[in-house]
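Novice: Provided herewith is a single structure, encoded as structure tokens, for subsequent inquiry.
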Amino acid sequence: MKSRRDFIQKLTLGAGILPLAFSFTPYKKHQYISDVQDGPVLKVAIMGLGSYGNRVAEAMKDSKRAKVTGVISGTPSKIKEWQSKYNIPDKNCYNYKNFDAIKNNPDIDAVYIITPNALHHSQCLRVAAAGKHVICEKPMSINAKEGQEMVDACKKAGVHLLIGYRMHFEANTLEVIRLRNEGEFGTVKFFQGLAGFKIGDPNQWRLNKELAGGGAMMDIGIYAINGSRYMVGEEPIWVTAQEVKTDPVKFKEGVDETITFQLGFPSGVVASCLSTYAFSYLDKFFLVGDKGFAEMQPSTGYGPIKSWTHKGRLDLPHVTHQTVQMDQMAAIIFDGKKPKVPVDGEEGLKDMKIIDAIFEAVKTGDKVALKL
Ligand code: NAD
């Protein structure tokens, strides 16, 4: 005899339970084959040899279009380690004082800035002045004013400024966007974005306002902001926000612990989002229209991304995000490729304007208008 549990399991897709009204027809999987495998190789110097810098460099080993050719670091022992790991000659190694000299180094086309957030602005300006392309981690800066200066400096220097939005090249994400554009979910009505984790060591730079520019919002909440925009497919026109702080010792003045925020879009869609450093397992996107929905959980972690809609699972094949990102960024720089979701400085700047507005909304309690 079939148990009630069997019955419920049949209705369950991962973490989502399908309403009975929806059909169970599975999707024909759309193939996202890399279309940029051939062409010139982007020679990249990594600036900041920390946790994410290591992850990016490892992923670049599999990239067909990008290669680590240089390093910029303040720690000589790390430079030595990277030199042997990635076969980097002495002439391509720099520290934070002398890296302007990359100007005369033909082995470096671009610098990938992977340092604490508050350093991105000045480092980007120096790389641009040296005439090299800038790839900069998120958040691009710690406010919109700095972000604008970075965009202007790169434009003036005639170099690309690309932000490390790896999800903009991720197959499940692109598939949900494609389905939305094809009207699969009907008229989009609502988005929910949850982004957070429980942060450890209270002495790390992520909890230091001077280096981080804030707290969870700059680091992880930005995924819900950016995700709201690419999942809804519009730019928000207003924001409201509320902050909760349960540990003012760990999360000092200007370092946000938990913020809930709402974004309003021109069509009337509302996004309801959460950013936190205080609890885990928050990595979920939910988009719903009047004909169906898409859900992703995890939605922005390193993957594999799990995704499903009212019709069934998507779960497109996983490829290391940073490998795809670097292949695609080389194609943007060398082939003039236009990505489906932009990763340029202007894209990063929109998120910084929203973060500024969220902080203002928290402070004033007002609904803050946005002009992106
Ligand atoms: P990390 O602490 O592991 O590494 C930071 C590096 O910067 C270290 O090597 C450190 O020595 C160096 N550094 C240079 N100047 C410094 C200074 N004045 N103070 C402290 N460190 C200094 O941090 P991380 O996790 O690699 O993060 C770096 C950047 O990458 C951040 O902007 C973060 O938001 C971003 N990031 C992005 C992703 C993503 O998925 N796109 C993931 C993690 C981090």
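Novice: Using a 1.4 angstrom probe, figure out how much accessible area region 245-359 has per residue, in square angstrom, rounded to the nearest whole.
Specialist: Working: 4340 Å² over 115 residues.
Dividing the accessible area of region 245-359 by its residue count gives 38 Å².
Novice: Where is the GNM fluctuation largest for the chain (alpha-carbon springs, 10 angstrom cutoff): Y52, Y94, Y230?
Specialist: Answer for the Gaussian network model of the chain: Y52.
Novice: In sequence order, what are the phi-derived ³J(HN,Hα) couplings for region 93-98 according to the Karplus relation 6.51 cos²θ - 1.76 cosθ + 1.60 with θ = phi - 60°, rounded to whole Hz, with x for glycine and proline?
Specialist: 10, 9, 10, 6, 7, 9
Novice: Another question about this same structure. May I ask what percent, to the nearest 5, of DSSP beta bridges between residues of the chain are antiparallel?
Specialist: On the way: 36 of 62 bridges.
Counting only bridges with both partners in the chain, antiparallel ones make up about 60 percent.
Novice: Give the carbon-plus-sulfur fraction of the accessible surface of region 218-297 in %, rounded to a whole number; probe 1.4 Å, heavy atoms of protein chains only. Mind dumping the intermediate values first?
Specialist: Working: 1710 of 2890 Å².
On region 218-297, the fraction of accessible area on carbon and sulfur atoms equals 59 percent.
Novice: Ok, one more. Quick one: compute the contact order of the chain, relative version, from alpha carbon pairs under 8 angstrom and 6+ residues apart, as a percent. Numbers along the way, then the final one.
Specialist: Values: 768 pairs, mean separation 75.2, N = 372.
In percent, rounded to a whole number, it is 20.
Novice: Please list, in order along region 186-202, the HN-Hα scalar couplings obtained from phi with the Karplus expression 6.51 cos²θ - 1.76 cosθ + 1.60 (θ = phi - 60°), rounded to whole Hz, x for Gly and Pro.
Specialist: Ordered by residue, 3J(HN,Hα) equals x, 7, 5, 10, 7, 9, 10, x, 10, 9, x, 7, 8, 7, x, 2, x Hz.
Novice: Pick from E234, E81, E184 the residue whose mean-square fluctuation is largest in a GNM of the chain, springs joining Cα atoms under 10 Å.
Specialist: Of E234, E81, E184, the Gaussian network model singles out E81 as fluctuating most.
Novice: Still on this structure: Sort the following peptides by mean Cβ neighbour count (other Cβ atoms within 10 Å, averaged over residues), highest first: 103-110, 191-198, 347-354.
Specialist: Working: 103-110: 16.8, 191-198: 21.6, 347-354: 23.4.
By packing density, highest mean first, the sequence is 347-354, 191-198, 103-110.
Novice: Shifting gears a bit: What does the convex hull of the alpha-carbon atoms of the chain project to on average, in nm²? Walk me through the numbers before you get to the answer.
Specialist: Numbers: hull surface 82.0 nm².
Convex hull of Cα atoms, orientation-averaged projection: 20.5 nm².
Novice: At 1.4 Å probe size, with the rest of the protein present, what percent of the exposed accessible area of region 75-152 is carbon and sulfur atoms? Let's see the in-between values first.
Specialist: On the way: 1840 of 3380 Å².
Using a 1.4 Å probe with all protein chains present, region 75-152 comes out at 55 percent carbon and sulfur.
Novice: While we're looking at this one, here's another question. Just subtract the alpha-carbon distance of K155 and K78 from 0.36 nm times their residue separation and send over the number in nm, one decimal.
Specialist: So the extension gain works out to 24.5 nm.
Novice: Sticking with this structure for a sec: Between D90 and K340, what length in nm is gained on full extension when 0.36 nm per residue of separation is reduced by their alpha carbon distance? All intermediate terms of the calculation are to be shown ahead of the outcome.
Specialist: On the way: separation 250, 0.36 × 250 = 90.00 nm, distance 3.82 nm.
Here the segment from D90 to K340 would lengthen by 86.2 nm.
Novice: Roughly how far apart, in whole Å, are the Cα centres of region 299-372 and region 39-111?
Specialist: Cα centres, region 299-372 to region 39-111: 25 Å.
Novice: Using only Cα atoms, tell me the angle between helix 345-364 and the longest principal axis of the chain; keep it within 0 to 90° and round to the nearest 10.
Specialist: 70 degrees
Novice: Also, I was wondering about something else. Give a residue-ordered list of calculated ³J(HN,Hα) values for region 330-342 (Karplus: 6.51 cos²θ - 1.76 cosθ + 1.60, θ = phi - 60°; whole Hz; x for Gly, Pro).
Specialist: Each residue's phi maps through the Karplus curve to give 4, 5, 5, 6, 8, 9, x, 5, 9, x, 4, 10, x Hz.
Novice: So, one more: Can you grab the distance from the C-alpha centre of region 221-294 to the C-alpha centre of region 140-162, Å, no decimals?
Specialist: Taking the Cα centre of region 140-162 as reference, the centre of region 221-294 is 25 Å away.
Novice: In a Debye calculation with equal point scatterers on the alpha-carbon sites of region 260-372 and no solvent, what is log10 I(q)/I(0) at q = 0.12, 0.15, 0.16, 0.23 Å⁻¹?
Specialist: Each listed q maps to, in turn, -0.64, -0.99, -1.11, -1.33.
Novice: Just to be sure I understand the model, the point goes 7 Å from the Cα along the line to the Cβ. What's the resulting E235 to K61 distance in nm?
Specialist: Placing both labels 7 Å beyond Cα along the Cβ direction yields 4.1 nm.
Novice: How long is the gain from D100 to Q37 if the chain were fully straight, where each residue apart is worth 0.36 nm and the alpha carbon distance is subtracted? Walk me through the intermediate numbers first.
Specialist: Working: separation 63, 0.36 × 63 = 22.68 nm, distance 3.11 nm.
19.6 nm is the gain from fully extending D100 to Q37.
Novice: Further, regarding this structure: What's the whole-number percent of alpha carbon pairs in region 133-190 lying beyond 19 angstrom?
Specialist: Values: 841 of 1653 pairs.
Counting every Cα pair in region 133-190, those more than 19 Å apart make up 51 percent.
Novice: Same structure, new question: Based on Cα coordinates alone, diagonalise the gyration tensor for region 186-342, multiply each eigenvalue by 5, take square roots, and list the semi-axes in whole Å, largest first. Spell out each step's value before the answer.
Specialist: Values: eigenvalues 151, 90, 52 Å².
Rounded to whole Å, the semi-axes are 27, 21, 16.
Novice: With every protein chain left in place, what is the accessible area per residue of region 136-238 in square angstrom, probe 1.4 Å?
Specialist: Numbers: 3620 Å² over 103 residues.
Each residue of region 136-238 exposes 35 Å² on average to a 1.4 Å probe.
The values are calculated or read from the model by the stated rules, or taken from the named source; none is laboratory data. Only a predicted model underlies this, so the values are computations on that prediction, with no experimental measurement involved. Cβ: placed from backbone, ideal geometry, glycine included. Neighbour counts: every protein chain shown. For accessibility, only protein heavy atoms count, side chains too; no ligands or nucleic acids. Shrake-Rupley method; radii C 1.70, N 1.55, O 1.52, S 1.80 Å.
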